[in-house]
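Before any comments, here is the structure.
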Amino acid sequence: MQSQAQTLGGPPNTDPGSLFAGYTPIAGVYDEMLDASGRPRPAWNGLRPQLEQIGAEELSRRWAQSQRLINENGIVYSAYGDPEGRQRPWALDPAPLLLHESEWDVISAGLAQRAGLLEIVLDDLYGEQKLIASGLLPPELVYGHPGYRVALQRTAPPSDNRPPNLLMYAADLGRSPDGKWWVLADRTEAPSGVGFALENRLVTSRMLAEPFRERKVRRLAPFFLQLQQALRRWAPTGRTNPSIAILSQGASHPNYFEDAYLTRYLGHFLVEGEDLTVRNRRLWMKTLDGLTPIDVLIRRPNTDDCDPLELRGTNPAGVAGLVQAERDGALLLANAAGSGLVESPVFMAFMPRLCQELLGEPLSLPGVATWWCGEPASLEFVLANLDRMVLKRAFRRRGEESLLTAKFRQTSRDALVKMIRDDPHSFVAQEQLSRSASPSYRKKQLQPVRVALRAFVVAGEDTHYVMPGALARTSTDSGPLETSVLSGEGSKDVWIIGDKPVEVITLLPGEQEPIELVRIGDELPSRVADNSYWLGRHLERADAAARLVRIVATRLTSEGDSTDFPELPALVRALAEKGQIEPGYAVAEMRDRLPAVEAAIPREVLSRTQTSSLASTVDRMFGSAAKVRDRLSRDTWRIMLRVNDDFRHQRPVAANLTDLLNLTNELILDLAALGGMVVESMTRTQFYRFLDIGRRLERAMQAVDLLRTCLVESRDTSPALLEALLESADSLMTYRARYRASVKLAPVLDLLVTDETNPRSIAYQLNTLERHVGKLPRADDGGPGAPPEQRIALALSHAVRMADIRDLCEAYELNNPKPLTRLLSDLERDLPALSHAIALKYLTHSGPPRQLAPT
């Protein structure tokens, strides 16, 4: 292959502004765009003039817009085994990888054959084990496998109506220098990446809309339609509309974005282990209204983490009894428990002979050459050729192979030889494939990068369907694919180019298909209700803190001195009592011994290590939102991301009051936008109700706390402080429009405490809480009277309604603050009591299941 700049169907392009100027294929590597003579391959014939017509400047502009879309959608990637657990923005390359459908059809046939073969192998290894008895597979491959579990062994032979082990299958593919495709790895446990492939397609097809339409790119929707049909077909209850859920491992897991994304796209439930329970050998989702059956569960945890009763009990993602529900046929588990057994690299060494014996035909899509060191001849061959091979553990442990492969590459040859000889059955060696290269858009030009594909397959009734596209993974590193994950891999969309017009297929119901009218909202797991509730609490806590910080920062950055703002000591005290700054600033005698408050406020308010700081509150708010991401609108999530990014990039040591003032201004606007999204766009389901209960409780608590600090403890009723109280409650404009006079205590307290028309008053929050609590799910236990949470809510509302603001203020001004103190103290006591009563009855308050004895 030429190593100089290649032509693209004509003379070399010397225009420095051309996207293709200077594109130099990597020597000795198959180039996906250019053939050996430097001419475009058939799939690329029409794309070059279209990209040239778009031009580098326009493509850069479109790509910048797409990058914003990726960031706003929060598409992130965390590599398994990353020592720092870093979340990285999804690095999508705007230049797609193009393959003609004639080539892809051959690949698809090979993948379908391979999926069918692995299905037969799994059936045998968990069944009669004829492959071991006949000598086709060594016993060590099963009984020495750390993932093999006797509890999953079946006694009954496979039947025609039994669901497949591999409802979903994926394979990592690479192309050798001679253009031949090889399977680099099988993924059978819980294949991931299909959601990222779909997002790649949506972003790329919008950016390159004209080429996408005119190149007759095959669509991905038919594959997802086949996936939905397969899940319904194999559902155990025979329902036409079975209940389907995706079992996620939580917001901190690398796959969570994909879990939430697929949940939205496919219309399923997103659940975690604590949302589920097995009763009478059937799986149920625990909701506020009781138990809802789950017919199909798409699992993301490893097999060992699925059932602490029969497998291992170290992961809260598991559900006790899940294996028994699957064993009894009451649950379709996709993929079946134990299906990850055959994705270990050691099985790659036996696939050719298994295919010939079981299917009577050669393996049409071969795997990369693999040698198991447990065979003496293979061991000696590996040791003699170790320098040009990739050493791996024979038995895959999901999430660890990236670090292990990288570690082996950094280990000396002598140490590797000793390690292999000490335990040969635990190692395999594979030929290192020099992966092909594909154009990548960088610095306004196309440059080659190494590429591998992850292709996806779904099992049909009597065949397998392969997605007409794939997830392409790119890297500038020529080493093994596993090591490129840790060095920062990229991704690109894969276009399968056809010759015929593409039929547009959608997952939405057709025009003639009837749609059942439903009202959804009560099927809410208590974990989701808990996160929704605390999202509301953190939203209001952040808003109250930001408004108070802004009031103080505004006065400290003004041209006047401290004597011009007599309300400052009370406001600084409020900041200290709310945990925004050092508590010593609340005591006048200690304040002079501490650093200047002007320097301390930005540093402490923006500190992420200080538990009650504004930055820590924003962190917790974002964490709660991430746990219920599948239930938030895209615009709501974009605002959450913007807020999180604003605070994540702050440097507390370098910040000053002006920076803090600008930041709080932006935060207050963003939180107001979030509040508007909740009120105007969120349907009145139980999710909304718990979120708003959290908001109203926290807003009332913050208001009571601020009034107590400023009026009871500081004993200051100056107009400046009263005006600051109105400002903190966003009610100053209302006061001025209503009274047009100087600020007095009685009308201020009326507006902030008892005015039921003011959305910021305590009375308004309590009335809203009373309505919400009355609509919460209530078991009909036949007992007399209202439940505890309803009684507390009624008592709170009644206490404020019965308060006589004039009498309270007259007594206060006559140096008798006890009536006002009593009212605020009662509210401070009963608001947390209401929160506790709601949490005790509805929210998550049980620990994860634990294994009491070894299996």
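Some values worked out for this structure:
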| read-out | value |
| --- | --- |
| Within region 699-726, tally of residues that are among the small types (G, A, S) and in a loop (DSSP other than H, G, I, E, B) | 2 |
| Matching option when the condition is surrounded by 15 or more Cβ atoms within 10 Å (Cβ to Cβ), over 23 Å from Q113 (Cβ atoms), of a type in the set (G, A, S) and in contact (Cβ under 8 Å) with a residue 12 or more places away in the chain, among G144, G174 | G144 |
| Flag if S108 is modelled with pLDDT of 95 or more and either closer than 21 Å to N255 by Cβ or small (G, A, S) (or both) | yes |
| Selection from region 142-151 of residues that are at pLDDT below 90 and not in a loop (DSSP other than H, G, I, E, B) | V150, A151 |
| Residue match in region 271-285 (condition: without any contact (Cβ under 8 Å) to a residue 24 or more places away in the chain, in a strand (DSSP E or B) and among the aromatic types (F, W, Y)) | yes |
| Failed item, numbered, when R219 is tested on (1) within 23 Å of the chain's Cα centre (by Cα); (2) part of a loop (DSSP other than H, G, I, E, B); (3) within 21 Å of D105 (Cβ to Cβ) | (1) |
| Looking only at region 4-61, and only at residues there that are modelled with pLDDT of 85 or more, hydrophobic (A, V, I, L, M, F, W, C) and in a loop (DSSP other than H, G, I, E, B), the one that is surrounded by the most Cβ atoms within 10 Å (Cβ to Cβ) | M33 |
| Which numbered condition R642 fails, given (1) farther than 20 Å from I551 by Cβ; (2) assigned by TED's automatic domain parsing to the domain that holds L831 | (2) |
| Which numbered condition I246 misses (of (1) in a strand (DSSP E or B); (2) not assigned by TED's automatic domain parsing to the domain that holds P293) | (2) |
| Condition broken by L632, with the remaining ones in (1) touching a residue at least 40 places away in the same chain (Cβ under 8 Å); (2) over 29 Å from L707 (Cβ atoms) satisfied | (1) |
| Boolean, G676 is modelled with pLDDT of 90 or more, within 24 Å of Q765 (Cα to Cα) and surrounded by fewer than 20 Cβ atoms within 10 Å (Cβ to Cβ) | yes |
| Region 164-205: number of residues that are in contact with a Lys or Arg (Cβ under 9 Å, 6 or more places away or on another chain) and charged (D, E, K, R) | 6 |
| Meets criteria (among the hydroxyl-bearing types (S, T, Y), in the same structural domain as D259 (by TED's automatic domain parsing) and within 17 Å of E119 (Cα to Cα)) for T303 | yes |
| Residue within region 669-687 that is in a helix (DSSP H, G or I), polar (S, T, N, Q), more than 30 Å from Y812 (Cβ to Cβ) and free of Cβ contacts under 8 Å to residues at least 60 places away in the same chain present | yes |
| Of all residues making up region 606-615, the number that are surrounded by fewer than 20 Cβ atoms within 10 Å (Cβ to Cβ) and either of a type in the set (V, I, T) or not in a loop (DSSP other than H, G, I, E, B) (or both) | 2 |
| Long-range neighbours under 6 Å by Cβ, at least six apart or interchain, first residue assigned to a helix (DSSP H, G or I) within region 515-532, second modelled with pLDDT of 85 or more and of a type in the set (K, R) | N531/K627 |
| Test: residue in region 155-165 that is among the basic types (K, R) and either modelled with pLDDT of 95 or more or buried (at least 20 other Cβ atoms within 10 Å of the Cβ) (or both) | no |
| Selection count, region 727-778, where residues are under 35 Å from the mean Cα position of the chain (by Cα) and either modelled with pLDDT under 90 or assigned to a loop (DSSP other than H, G, I, E, B) (or both) | 8 |
| Listing of strands (runs of 3 or more DSSP E) fully contained in region 297-399 that carry 3 or more residues being of a type outside the set (A, V, I, L, M, F, W, C) | none |
| Scan of region 39-51 for residues that are within 15 Å of L446 (Cα to Cα) and either in contact with a Lys or Arg (Cβ under 7 Å, 6 or more places away or on another chain) or free of Cβ contacts under 8 Å to residues at least 40 places away in the same chain (or both), ordered by number | P40, L47, P49 |
| Single residue of region 549-600 satisfying the filter (among the polar types (S, T, N, Q) and assigned to a loop (DSSP other than H, G, I, E, B)) that is farthest from V743 (Cα to Cα) | Q580 |
| Subset of region 475-493 (residues that are under 23 Å from the mean Cα position of the chain (by Cα) and either modelled with pLDDT of 90 or more or assigned to a loop (DSSP other than H, G, I, E, B) (or both)) | E489, K492, D493 |
| Residue in region 789-811 that is within 46 Å of the chain's Cα centre (by Cα) and assigned to a loop (DSSP other than H, G, I, E, B) present | no |
| Condition check for A377: free of Cβ contacts under 8 Å to residues at least 12 places away in the same chain and closer than 28 Å to R114 by Cβ | yes |
| Within region 711-726, tally of residues that are touching a Lys or Arg at 6+ places or on another chain (Cβ under 8 Å), modelled with pLDDT of 90 or more and under 30 Å from L794 (Cβ atoms) | 0 |
| Condition met for S624 (touching a His at 6+ places or on another chain (Cβ under 9 Å), in the same structural domain as A600 (by TED's automatic domain parsing) and within 26 Å of G250 (Cβ to Cβ)) | yes |
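The values are calculated or read from the model by the stated rules, or taken from the named source; none is laboratory data. Because the structure is a prediction, the values reported are computed rather than measured. Here the Cβ is made from the backbone with ideal geometry for all residues, glycine too, and neighbour counts use every protein chain on show.
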